[in-house]
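Quick note: the coordinates plus some simple rules give every number you see, no bench work behind them. No experiment lies behind these values; they were computed from the predicted model shown. Here the Cβ is made from the backbone with ideal geometry for all residues, glycine too, and neighbour counts use every protein chain on show.
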Amino acid sequence: MSDSAASSARPAAPAQRPPLMALDEALAILLQKAQPKLPVEEVGTFDADGRVLAQDVVSALTVPPRDNSSMDGYAVRAADCAAPGAVLRVAQRIPAGTVGAPLAAGTAARIFTGAQVPEGADAIVMQEDTEALPQEGGLGAVRIAVAPAVGQWIRRAGEDVAAGDVVLRRGERLTPAGLGLAASVGFDRLQVTRRPRVALLSTGDELVMPGEVAPEAMKPGAIYNSNRFFMRALLHRLGCEVSDMGIVPDRREATIEALRSAAEHNDLIITTGGVSVGEEDHIKAAVQALGELQLWSLSMKPGKPFAYGSIARSGGEAQGRCHVTGLPGNPVSSFLTFLLLVRPFLLTLQGATRVAPEPVSMRADFDWPRADKRREFLRARRNAAGGLDLFPNQSSGVLTSMVWGEGVIDNPAGQTIRAGDSVRFIPLTSLLA
Ligand code: AMP
Ligand code: MG
């Protein structure tokens, strides 16, 4: 990057600094670019976790279909047991899955959880509040110790879903609970958007892979490729199919070749590193050689340089274009630009409607006296007192901060923080799902 420029004999002309672009503006442009959406496919409900629905799920039935018991016990008419210790003849037995006869006045029905409440009954008495009075060869009788209230322990028909309800909407990302809800109204298959196909490229001649070189054998200047590991995991968690193309050398031709081949079968290429404007940074020139590129200087710390572009495929424009996002090389910058920009982009490509991070308001238990001109994302974690502690080193290369932190504080540009202030906290759990 700037090292080689600094060592040249003549001082280089000051590089032209593009004005900083607000993160929200960059995000708005990116989301517009996430068109057309990926095609729709049908999958089994068992396999649909994490996928984005491409249909409304409309219930054809009422759930529960009839009033049913939420306890093991006795179905009664409340009026028959208003006096404490009332004794009723047990006239029938109704296990779940069977339908009882109408309940005659002055009788009780032995009933089990989930079984349909017989006509005429208006309360369930849980068995713990009764005493069974067995009788040889019959169902016997029951003593009701506690007078029931009308309606007690009855789950009402339709209290979960009414026929015609939209229980899940197009654009929702399916969760385990969503799969259960779809199944509860009879859907064994669902229309979802196809998984994004994403190629991952790491740039940098200094990078080596753990396992290939032992720590004690690392050459001066070499570092392990850590971005590749968290990127791949982040993409998998987002439901992407990942083609990991490994480390691309810091050469223009090699970068062009890697991008050209990745564009053929992918919806998006993600690169890390090489996106600044130093002479070892080849992403910009390589994408421009194959398509279009915009290089942004984001008002965001960490994570300043970011590129968006697109590359035509060999089959021509009819084959559509492959998106490219160029992320900064510093690990924390890479991680955060992925979460705040690439993740919403990939979700939008899948037709998801909720894509922005959802901050919560929390109390800062620290001072942050030096305001920055960029919007900052400070790694922090919750303490036992219900406030937030700050990781001591907020440098963009310190990956430890992302592991220690449970999330990031979204601190506006020019803002200092004093202990006791309310801040916007974005929990990582909401971004890693
Ligand atoms: P660059 O934008 O390529 O100049 O990279 C900025 C910083 O991030 C440099 O210190 C790189 O060594 C570092 N870096 C780039 N790529 C990776 C990676 N895949 N893993 C860890 N560090 C990286
Ligand atoms: Mg580099």
Given points 7 Å out from each Cα along the Cα-Cβ axis, report the LYS219 to GLU279 separation in nanometres with one decimal. 2.0 nm
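Which shape class applies to the stretch 249-318: rounded if a/c is under 1.5, otherwise prolate when a/b exceeds b/c and oblate if not, where a ≥ b ≥ c are the square roots of the Cα gyration tensor eigenvalues? Write out the running numbers ahead of the final one.
Details: a/c = 2.22, a/b = 1.54, b/c = 1.44.
Judged from the Cα gyration tensor, the stretch 249-318 comes out prolate (a/c at least 1.5, a/b above b/c).
Restricting to the stretch 206-364, what percent of DSSP beta bridges are antiparallel, rounded to 5? Intermediate results must be reported in sequence, preceding the final value.
On the way: 13 of 21 bridges.
Restricted to the stretch 206-364, the bridges split so that about 60 percent are antiparallel.
Give me the percent of Cα-Cα pairs in the stretch 242-372 that sit more than 21 Å apart, rounded to a whole number. Don't skip to the end; give the middle numbers.
Details: 3935 of 8515 pairs.
Result: 46 percent of Cα pairs exceed 21 Å.
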Structure-based [θ]222 nm, the chain - -39500 (n - 2.57) summed over DSSP H runs of at least 4, per residue, nearest 500: -5000 deg cm²/dmol
Calculate the dipole size of the chain relative to its Cα centre from +1 charges on Lys and Arg beta carbons and -1 charges on Asp and Glu beta carbons; express the result in debye to the nearest 20. 760 debye
Cβ-based net charge around ASN266, under 12 Å, with every Lys or Arg adding one and every Asp or Glu removing one: +1
Can you give me the distance in nm between label points at GLN55 and SER184, each placed 7 Å from the Cα along the Cα-to-Cβ direction? 2.0 nm
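Defining a contact as two alpha carbons under 8 Å apart and six or more residues distant in sequence, what relative contact order in percent does the stretch 68-155 show? Before the final figure, lay out each step's value.
Working: 235 pairs, mean separation 35.4, N = 88.
Relative contact order comes out at 40 percent.
State the dimensionless ratio Rg/Rh of the stretch 360-432 (Rg: radius of gyration of Cα atoms; Rh: Kirkwood radius). Write down the numbers at each step before the final one.
Numbers: Rg = 11.3 Å, Rh = 12.2 Å.
So for the stretch 360-432, dividing Rg by the Kirkwood Rh gives 0.93.
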For the stretch 312-433, whose charge dipole is built from +1 on Lys and Arg Cβ atoms and -1 on Asp and Glu Cβ atoms, the candidate among PRO412, HIS323, LEU432 with its Cα farthest towards the positive end is HIS323
Nearest-5 percent of antiparallel DSSP beta bridges in the chain? 65 percent
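Pairs of Cα atoms under 8 Å, at least six residues apart: use those to get the relative contact order of the stretch 72-214, whole percent. List each step's numbers first, then the result.
Details: 209 pairs, mean separation 31.3, N = 143.
The value is 22 percent.
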Relative contact order (%) - the chain, alpha-carbon pairs under 8 angstrom, separation at least six: 15 percent
Can you tell me the FRET efficiency between GLN35 and ALA163 if r is taken as the Cβ-Cβ distance and R0 is 41 Å, rounded to the nearest 0.05? 0.70
If the elastic network links every pair of Cα atoms under 10 Å, which of GLN152, GLN55, GLN394 fluctuates the most in the Gaussian network model of the chain? GLN152
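So what's the projected area for the chain, the Cα convex hull averaged over all directions, in nm²?
On the way: hull surface 124.3 nm².
Reported value for the Cα convex hull: 31.1 nm².
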